[in-house]
Amino acid sequence: MQPNTKLTQLCQILMVTIVFASNESFCTSLPGCKSTCGDVEVPYPFGISNSSIPNQGPCFIESNESKFNLTCENDTKLFLWNLPVLNISFLEGQIEISTLVAIYCDNNHYNHPYLNIPGFVISPKENKFITVGCDNYGYLNSVDNNEIYSTGCLTRCYGNRNRIKNGTCSGIGCCQADIPPMMRNITIEAFRFENSTETVGCGNSFIVKDGSYNFSVSHLDYFPYERLPMIIDWSIGSKNCKASKGEDDYACKKNSVCFDEEIDFGYQCKCNKGYNGNPYHPDGCKDIDECKTSNNTCISEKHCRNTEGSYECFCPDGQSGNGTKEGGCNRRDLITKIAIGTSAGLIVLFVLISILYLTEDTSQSAQIFTEEELKKATKNYDESLIIGRGGFGTVFKGILPDNKIVAVKKSKIIDADQIEQFINEVVVLSQINHRNVVKLLGCCLETEVPSLVYEFVSNGTLFDFIQSTKDKANNPTWKTRLRIAAETAGALSYLHSAASIPIIHRDVKSTNILLDDNYTAKVSDFGASRLVPLDQTEIATMVQGTLGYLDPEYMQTHQLTEKSDVYSFGVVLAELLTGDKPLTFNRPEESISLSMHFLSCLKQDKIFEAIQVGVLSDDNKKEIKEVAILAARCMRLRGDERPSMKEVAMELDGIRLMEKHPWNDAELNFEESQRLLHEASCSIYNETGDSYNLGNTIGFDSLRDQPLIAYDDGR
């Protein structure tokens, strides 16, 4: 539902808004819906009854339990079922409600509250179970799927009330216990020991929001509360994020992300970094103007430029630097001379490269573009044309005057690293002429860091393609996946063996493999690549790459070889087979990394259980098993035990041609299995000599256009 302009204005006027650090306000409820009841705000997906606007429907997300439909009594009191609501947080996914206290007195006066709120659970982190009294004990009972679970605590005084102190709840007069997870359909009970000599006061048991109750000795004689605040957790639906994405009722709206970690069932939504607002609202989350807040690192607001989801710092005219508080700005005297010299050197370099292109293959000659041409092609670098972001720049879709579509990589910040990245990428790509490597068309030399122009590859990255399985059109057959793998391996084999100077890519990953309309693979992003002199087989360098794909031997020795690319390609093969990300933190600690998880499944003969849904069939089981074994060989810890990329490419081509592989399932002998099993669980050592397991690698998921993780400049 997209409200029109008048409705949006009405919403902005009528609804109570939440003000964040950006000082921007936004509407949290749907148009025509009550935004408050008493002093409690009611944000969507919660709501009260139906919208006052005709045909707008309910003010809440509809669910099987109707758990988001609240009741407002006399415009003063808000209720969830029959429970008073004190506060609702869509940021934390929690509701604060008021619940009854259980009581037990010697005169048989007792009250054992029963709490059943379908679709909600008692928050184990935000609450405590407490019993107050002398010689009393309390139970907290939960019934879920016909299973009963109980916890509780006891408190005794033995007639020594003078030993009890206000504010303490350690077992004398007052005791407390943590709340177990998944507590629902609960009963709270309070009792007194049969042999108790206490004759004054009653026993009380209750769940309370942590920090909201302060024990007093006077509560032993008279407990002043009938109700106390408690936190319950809420979530959307009953399926996790992976199962919910693509569904018609998927609740996470524009500029938001789904998460389900540490959630008992269903999922929650939160705004992406750089955005705020209500992620469940049809309008989605709004961009934060960091320049108007303290959440930026620029030297001043005047030297800060807001961008969609982020910001940029810059220096005043006549100065250079990065414009940050840490980096600062400098007058352009010596720096200007250096920049002029660097630019001149780049021009000479590019002319030499152009001559090299013209000499080797006139069809590959590069073009020099003007800054005005690229601005016109990208509509002055319109943010709506952004197709990728990286650590050193942003990639825009552009249309040249002849209607040719190109990709333009524009630097974000000016520093020596980016100039070196530019030089490196141009030098490397000048050596390459292969149909499965993205083609460099030219560059613009009028900017301080030249912009690069590539052929436009229209179908996104292999990572996006693997993750978009809900769209049946983007979930092609196993044969297509196998072809993508073979084409990528062929391109890497060419880099290692057939280029005029051998090239190690150094950052092979699914986000650096682009796909065209026919799902033809195009290897890209050579900013971190290295040319290998013909008389060398390895290069000493500081570690650079992306966690989850990094060769463990390279991490340990700092010796970069072509086998480092082989290891990374093995992870890509595992991605193609399983659909999993290189690092997944909702798996057990020992199998956070895909490589460890994949090898473990293979050794336990459970590889078919790990294959992505929709890929496996009776006709391709043998091929998938062969590719899985090949991926395991690529991911061996010792580089000299891995196959070369040429061998990998040949094996994949052989599998594609349906040639009978020399191995079968029985021929993965015991010695080989034990070796791979050892690799799946062994440790390596970092440069300081500390041992750690690969499954404990800490880093990012390899999301689209994730920047390289550089331990230094990598040179």
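Here, each number is a calculation from the coordinates, and none is a lab measurement. Remember, it's a predicted structure, so these values are computed and weren't measured experimentally. Heads up, the Cβs are rebuilt from the backbone with ideal geometry, glycines too, and the neighbour counts pull from every protein chain shown.
Sorted from fewest to most neighbouring beta carbons within 10 Å, what does the list Phe265, Phe60 look like?
Fewest-to-most ranking of Phe265, Phe60: Phe265, Phe60.
May I ask you to list the lysines whose Cα is less than 25 Å away from that of Lys563, ignoring any residue fewer than eight positions away on the same chain?
Correct list for Lys563: Lys439, Lys509, Lys522, Lys581, Lys603, Lys625, Lys646.
Any idea how far apart Ser310 and Asp264 come out in nm if each label point goes 7 Å out from Cα toward Cβ?
Simple spin-label model gives 3.9 nm for this pair.
What FRET efficiency comes out for the pair Ser52/Lys77, r = Cβ-Cβ distance, R0 = 25 Å, nearest 0.05?
The formula returns an efficiency of 0.75 here.
Using a basic spin-label model with each label point 7 Å from the Cα along Cα→Cβ, how many nm lie between Tyr158 and Ser468?
About 7.1 nm separates the two model spin labels.
Order the peptides 574-585, 211-222, 150-161 from the highest to the lowest mean number of other Cβ atoms within 10 Å of their residues.
Highest-to-lowest ranking by the protection proxy: 574-585, 150-161, 211-222.
Compute the signed sum of charges (Lys and Arg +1, Asp and Glu -1) over the other residues within less than 12 Å, Cβ to Cβ, of Ser644.
Residues close to Ser644 contribute a combined charge of -2.
Could you go through region 477-487 in sequence order and give the Karplus-derived ³J(HN,Hα) for each residue, using 6.51 cos²θ - 1.76 cosθ + 1.60 with θ = phi - 60°, rounded to whole Hz, and x for Gly and Pro?
5, 4, 4, 5, 4, 5, 5, 4, 4, 5, 5
Give me the net charge for the shell around Asn50: Cβ to Cβ below 15 angstrom, other residues only, Lys and Arg +1, Asp and Glu -1.
Values: positive: Lys34; negative: Glu62.
So the surrounding residues net to 0.
Provide the FRET efficiency to the nearest 0.05 for the Ser300-Gln556 pair, computing r from the beta carbons and using R0 = 51 Å.
0.70
Taking 7 Å along the Cα-to-C-beta vector as the label spot, tell me the Asp106-Arg435 distance in nanometres, rounded to one decimal.
Those two pseudo-labels are separated by 9.5 nm.
Identify, among Gln319, Asn295, Gly309, the residue whose Cα sits farthest towards the positive end of the charge dipole of region 293-332, taking +1 on the Cβ of Lys and Arg and -1 on the Cβ of Asp and Glu, with the dipole about the Cα centre.
It is Gln319.
Would you please give the FRET efficiency between Thr168 and Asn146, computed as 1/(1 + (r/R0)^6) with r the Cβ-Cβ distance and R0 = 56 Å, to the nearest 0.05? Intermediate values should be presented prior to the final figure.
Values: r = 39 Å, r/R0 = 0.69.
About 0.90, to the nearest 0.05.
Highest mean first, what order results for 454-465, 605-616 on Cβ atoms within 10 Å?
Descending packing order for the listed peptides: 454-465, 605-616.
Quick query: amide H of Asn87 versus all other amide H atoms, modeled in the peptide plane; which residues come in under 5 Å with a sequence gap of 5 or more or a different chain?
Residues meeting the amide H criterion: Glu96.
Just the Kirkwood number for region 293-332, please: inverse of mean 1/r across all distinct Cα pairs, in Å, one decimal.
This gives a value of 10.1 Å.
If packing is taken as the average count of other Cβ atoms within 10 Å, what order do 240-251, 270-281 fall into, highest mean first?
On the way: 240-251: 14.7, 270-281: 20.4.
Descending packing order for the listed peptides: 270-281, 240-251.
Report the extension gain between Asn518 and Ser238 in nm, rounded to one decimal, defined as 0.36 nm multiplied by the number of residues separating them, less their alpha carbon distance.
Working: separation 280, 0.36 × 280 = 100.80 nm, distance 3.69 nm.
Full-extension gain reported as 97.1 nm.
Given Cβ point charges of +1 (Lys, Arg) and -1 (Asp, Glu) and nothing else, what value in debye, to the nearest 20, does the dipole of region 94-232 about its Cα centre take?
340 debye
Along the charge dipole of region 94-232, which of Asn108, Cys157, Thr131 sits closest to the positive end, that is, farthest toward it, with unit charges on the beta carbon of Lys, Arg, Asp and Glu (+1, +1, -1, -1)?
Projecting each Cα onto the dipole axis, the largest value belongs to Cys157.
Local charge sum around Cys72 (other residues, Cβ-Cβ under 14 Å, Lys/Arg +1, Asp/Glu -1)?
After counting each charged neighbour, the total is -2.
Tell me, what ³J(HN,Hα) does each residue in region 594-599 have, in order and in whole Hz, if you take phi through Karplus 6.51 cos²θ - 1.76 cosθ + 1.60 with θ = phi - 60° and put x for Gly and Pro?
Working through the residues one at a time gives 4, 4, 5, 4, 5, 5 Hz.
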